[in-house]
Every structure is written in structure tokens, then in C-alpha cells.
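The values are calculated or read from the model by the stated rules, or taken from the named source; none is laboratory data. Only a predicted model underlies this, so the values are computations on that prediction, with no experimental measurement involved. Cβ placement follows ideal geometry from the backbone for every residue including glycine, while neighbour counts extend to all protein chains displayed. Side chains are part of the model used for accessible areas, which takes the heavy atoms of the whole protein and leaves out ligands, DNA and RNA. Shrake-Rupley method; radii C 1.70, N 1.55, O 1.52, S 1.80 Å.
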Amino acid sequence: MQVSTLGRGSYLITDEVQGLVSTSQVQTGLCHLFLHHTSASLIICENADPDVRGDMERFMLRLVPDGDRLFTHIMEGPDDMPAHIRSLLTHTDLTVPVRNGRCALGIWQGVYLWEHRKSGHRREITVTVSGD
Amino acid sequence: MQVSTLGRGSYLITDEVQGLVSTSQVQTGLCHLFLHHTSASLIICENADPDVRGDMERFMLRLVPDGDRLFTHIMEGPDDMPAHIRSLLTHTDLTVPVRNGRCALGIWQGVYLWEHRKSGHRREITVTVSGD
Amino acid sequence: MQVSTLGRGSYLITDEVQGLVSTSQVQTGLCHLFLHHTSASLIICENADPDVRGDMERFMLRLVPDGDRLFTHIMEGPDDMPAHIRSLLTHTDLTVPVRNGRCALGIWQGVYLWEHRKSGHRREITVTVSGD
């Protein structure tokens, strides 16, 4: 699946993922998501209060500041190396159990693509559903 | 499986997980663990010296301080947003190889549920064992 | 598979992993990597500019300083506890999709073992390839 982002921020993809699990007709097994990029992440996050994702963004901005003088890899701008670090500190792949033909997420869990670059990107995710 | 926590801290679950792998009768494959919450984590950590987990806790407390003024999502108290951040920076799911009917952990590796909330919670983990 | 490290730093293992996937004859499925240690990591990282991995190392050194007085687990030296923390903040296991008999990595993605100890170690990784 592809996700077009509009720049830094988190994008809910739970419904698209549930659709792919449904199409696979797997009832019990696992759903694996893999992001083919090193400057964005896949995360499972609280899905009720948007402030959680705002706080998350602010936390990361403080932890890994754009334009930090520590960084020498600045070819694509001040958000280039921070995007790679954010990716390392979070996740490039996720696996979620499938039960009754659906990703068995907790009630407060959503699956998000987290874009770390300031400009929009087209992000590619490979989804593999296995089981019976 | 369920784990009842007594508040913030790490809880060893290796034995319960090995029991479920044993029951599955899978000899060679994978054991996947998924935590249905966004304010606790699943981790693989050094299992010999309890100081490691004490240091880990102190490190996280310094990195993501309770009651940090950065956070706006404070509905459930000063440890609410830090719990979500700790979850993001660690893991909601883990996969461990199964060999000879057991999780093939390294000798110093233990599987822990890491509770990030100060009060006790009942935490739900779905375990999926696949293979032959 | 085993990787002998020469001390702290990241070691590209993409080719060895692709070789194991090829040997497995799986065309479509998943490749799971598990590291049997708590003082090194498995990561997927930008594979073009070595500065990325230098910056990553400097970032971690600042985030989790060797010899930090916060730490009480110092039996094996000032890089002992930082290695465990670096492991927690990154990954002990990774899963990559297999397509057309190869790990379907993005063009800029490489698989690395990240050694966090200052001295060289022999690191054991279990690779499980599943699918058809």
C-alpha cells in the first residue's frame, strides 16, 4: 500500500490495513507491515486524543532537534538526519495478531505512519498477512 | 495471556511465554507477542542483575520526565503522556525464534512487560506461535 | 549466522541475510532476524552515506553517555549500561518481507548489526525465513 504524506506528522492507516487483512481472508494469524524508508516510521499509538500525537511530535523535536550541530549528514536539509534518528528510535516494521479476520488491536491502539520529513512524500508499505 | 502489574516497573514473563510455546507443540518457528496497550511495553532485557532494570527506569524517568510542561495530554495525570512516549521508544510487539520447542533466547535475555503507569493495570498480551 | 565485531559501530549484514534467504528458496514470505544479546542491536538504516551512521553514533553517545553517574550497573565498565539502554531504544529483532526470493528492502535501506560495546564481540543472530 502507499501513503501520500503532506509533511511531518502522523497519519492513521488502521482502516487501510484492516481492509487488506479482510481481503486476505486470513482468520487467525499475523499481519506484518514493513515501511521501505528510513526517514519515516510505523507506530502503534493512542488513537483517541489528537493531543497525544502533538505531544509526541514536540517530544521528538526536543529530543532530536532539526539542524542540530551534532549532525554532519545535512545534504537534504536540517530535518534530514533527525528523520533517520527518529526512524531508528521507533519502528520500520510492525506485526499485529489477526483474530476473527481482523487486526486484533487494543481499543485505544491505532496504526500510524509517522512522516519525519517536513515535505510531503509518497511512502510505500508492504503488508504480509499469514495464517489460516 | 494477562499480566497484572503493581505499577511502574518491569515484570519477567519468560516462563509464562515458554509455557505457551510448549503447549503449542511447535518445535521450529516463531513466537510473536503483542501488547494491547499504549502505556506499557514488551522488551527483551538483561535478566541477571536487577540493577539493569533500575537503571533503565531511572534513564527513562530523566529522558521523559513525569509532568513535563511540554505535554498537553495530561488527562490521566503526570505519568500519562510519558507512558505513551516510553511505549513509542520501546516495543509493543516482539518476535522470538522457536527452536527445539522453546523460545531460543540468549542466555542473558529475559522477556519483560514494562509497566509505565504508576498505578497497577491488568495488561493483555496475545501470543501467536507459528511453525512446525 | 555470526558476526564478529571490532567494537562499537554498525556492521552491514544485508548480503549475508540475502544469501540465507536465497538458500531457503522461499519466494514470498518473511525473513525474521533475532539477536541473542542485550548490548547490541539490529537496525535498518540509510545505506548510502556513512555520515549517517557516524551521526547516529554521536547522537547515541550524547543521549546515553558512557560512565553516566545515573547508572549503578557498571560491572563491565562505563559502556556496559549504555549498551543495554541503546539496545532497548532500538531493536533486538527485525522482520523484512521476502518477495521474488529476496528481502524486499527499500533502495536506501541496509540491515546492520549495531555493536554498542567498545570491545569486539562475537554476535549470534538467528534467521528464520518463512513462506512459500
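For the range C:8-17, the condition of being open to solvent by 40 Å² or more (accessible area, probe 1.4 Å), polar (S, T, N, Q) and either touching a strand residue (DSSP E or B) at 6+ places or on another chain (Cβ under 7 Å) or farther than 30 Å from A:Gly29 by Cα (or both) holds for none of the residues.
Any residue that is within 14 Å of chain A (Cβ to nearest Cβ) and within 16 Å of the chain's Cα centre (by Cα) - is there at least one of those in the range C:75-86? Among the residues of the range C:75-86, at least one is within 14 Å of chain A (Cβ to nearest Cβ) and within 16 Å of the chain's Cα centre (by Cα), which makes the answer yes. For the range A:72-95, filtering for residues that are out of contact with any Phe, Trp or Tyr (no Cβ under 8 Å at 6 or more places or on another chain) and either farther than 29 Å from A:Val127 by Cβ or among the β-branched types (Val, Ile, Thr) (or both) leaves 6.
Take the residues in the range A:80-115 that are in a strand (DSSP E or B) and in contact with a helix residue (DSSP H, G or I) (Cβ under 7 Å, 6 or more places away or on another chain), then tell me which one is most open to solvent (accessible area, probe 1.4 Å). Restricting to residues being in a strand (DSSP E or B) and in contact with a helix residue (DSSP H, G or I) (Cβ under 7 Å, 6 or more places away or on another chain), the top hit is A:Arg102. When the range B:18-46 is limited to residues that are farther than 24 Å from A:His91 by Cα and more than 14 Å from chain A (Cβ to nearest Cβ), the one that is most open to solvent (accessible area, probe 1.4 Å) turns out to be B:Gln25. Can you go through C:Val129, C:Val64, C:Val98 and tell me which one is in contact (Cβ under 8 Å) with a residue 12 or more places away in the chain, within 9 Å of chain B (Cβ to nearest Cβ) and more than 13 Å from the chain's Cα centre (by Cα)? One residue alone meets the criteria, C:Val64.
The residue that is surrounded by the most Cβ atoms within 10 Å (Cβ to Cβ), among those in the range C:47-66 that are closer than 20 Å to A:Leu63 by Cα and of a type in the set (Asp, Glu), is C:Asp55.
Exactly one residue among A:Thr72, A:Thr92 is at the interface with another protein chain (Cβ under 7 Å from one of its Cβ atoms) and in contact with a Leu (Cβ under 6 Å, 6 or more places away or on another chain), and that residue is A:Thr92.
Is it fair to say B:Gly77 is of a type in the set (Gly, Ala, Ser) and out of contact with any helix residue (DSSP H, G or I) (no Cβ under 7 Å at 6 or more places or on another chain)? Yes.
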